[in-house]
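Structure first, then comments.
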Amino acid sequence: MMNLFSIFDPSTSMKLSLNWLSTSLIIFIFPFQFWLIPSRFIMLWNIIFKFLIKEFKIILKYSMMNLIIFISLFFFIFINNILGLFPYIFTASSHLSFCLSLSLSMWISMMLFNIYFFFNDFFSHLTPQGTPFILMPFMVLIESISLIIRPLTLAIRLTANMIAGHLLLTLLGSSGLLINNLIIMIIMLLSQIMLFILEISVSIIQAYVFSILTTLYCSEI
């Protein structure tokens with residue numbers, strides 16, 4: 001490792017961006033006996049799947065066909081976040097280009113669908129009911145800005161959380177070589193373990209937040 005930020009470098013020793021291939025590792029997570037043997041892994045997977053269906057079903061009352069899209073989005077981000085905690089695996093979700101491509105593609109598709117099928121309703125929501133005539137231009141401006149920054153806030157939230165956790169883990173790990181005191185070393189190892197557990201929970205929470213906010217944006221259409 002040349003410097004602190006080399007863990008976020010998508011380029012390999014061959015000067016190629018092959019580290020992005022870590023996003024395809026999700027294929028190897030699913031066992032070949034998926035439909036044959038109900039293993040403990042599959043049982044845990046089904047528990048998470050049923051929980052997400054119950055959560056998203058409350059929000060998506062009239063567009064249940066989109067349910068599988070948001071659940072797949074959750075699992076895709078979740079597995080990328082978890083795999084990034086393993087050694088020598090590139091964390092794609094710590095890059096804004098990865099997160100922004102996910103949020104922008106979802107947001108643009110929703111906006112195009114809304115404008116095409118519900119043109120009048122879409123623009124009527126820019127001015128809330130009961131707004132004074134003088135404040136209407138300002139309300140349209142505020143509502144337009146809040147619509148435009150939605151994909152950016154989704155991407156920045158996920159990227160910042162992934163970068164912060166990885167940087168803390170790297171800082172604690174690199175400082176261990178300079179410590180000679182046994183008590184301080186034990187304290188540092190315990191804090192590293194606690195931070196690692198926290199980072200696992202952050203990976204799950206951020207995948208859930210990203211998918212649930214995208215679902216809420218879809219439910220407004």
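The values are calculated or read from the model by the stated rules, or taken from the named source; none is laboratory data. Quick caveat, the model's predicted, so the values are computed rather than measured. Note that each Cβ is placed from the backbone with ideal geometry, even for glycine, and that neighbours are counted across all protein chains shown.
Observations on the model:
- Flag if residue 163 is at pLDDT 85 or above, touching a Ser or Thr at 6+ places or on another chain (Cβ under 9 Å) and assigned to a helix (DSSP H, G or I): yes
- Within segment 176-219, tally of residues that are free of Cβ contacts under 8 Å to residues at least 12 places away in the same chain, under 27 Å from the mean Cα position of the chain (by Cα) and surrounded by fewer than 13 Cβ atoms within 10 Å (Cβ to Cβ): 4
- Only residues that are within 18 Å of the chain's Cα centre (by Cα), more than 16 Å from residue 217 (Cβ to Cβ) and without any contact (Cβ under 8 Å) to a residue 24 or more places away in the chain were counted across segment 54-81, and they come to 2.
- Number of the condition not met by residue 124 [criteria: (1) over 17 Å from residue 164 (Cα atoms); (2) modelled with pLDDT of 85 or more; (3) of a type in the set (Gly, Ala, Ser)]: (2)
- Filter result for residue 154 (assigned to a helix (DSSP H, G or I), of a type in the set (A, V, I, L, M), at pLDDT 85 or above and under 24 Å from the mean Cα position of the chain (by Cα)): yes
- Of all residues in segment 137-175, those being over 15 Å from residue 108 (Cβ atoms) and either in contact (Cβ under 8 Å) with a residue 24 or more places away in the chain or touching a strand residue (DSSP E or B) at 6+ places or on another chain (Cβ under 6 Å) (or both) number 15.
- When segment 28-44 is filtered for residues that are part of a helix (DSSP H, G or I) and either touching a helix residue (DSSP H, G or I) at 6+ places or on another chain (Cβ under 8 Å) or at pLDDT 80 or above (or both), the ones remaining, listed by number, are 43, 44.
- Residues satisfying the stated conditions in segment 170-221, i.e. farther than 27 Å from residue 150 by Cβ and either charged (D, E, K, R) or outside any helix (DSSP H, G or I) (or both): 179, 180, 181
- Taking the criterion of being among the β-branched types (Val, Ile, Thr) and either crowded, with 17+ Cβ neighbours inside 10 Å or closer than 20 Å to residue 153 by Cβ (or both), the residues of segment 75-103 that qualify are 77, 79, 82, 91.
- Within segment 54-69, at least one residue is assigned to a helix (DSSP H, G or I) and modelled with pLDDT under 75.
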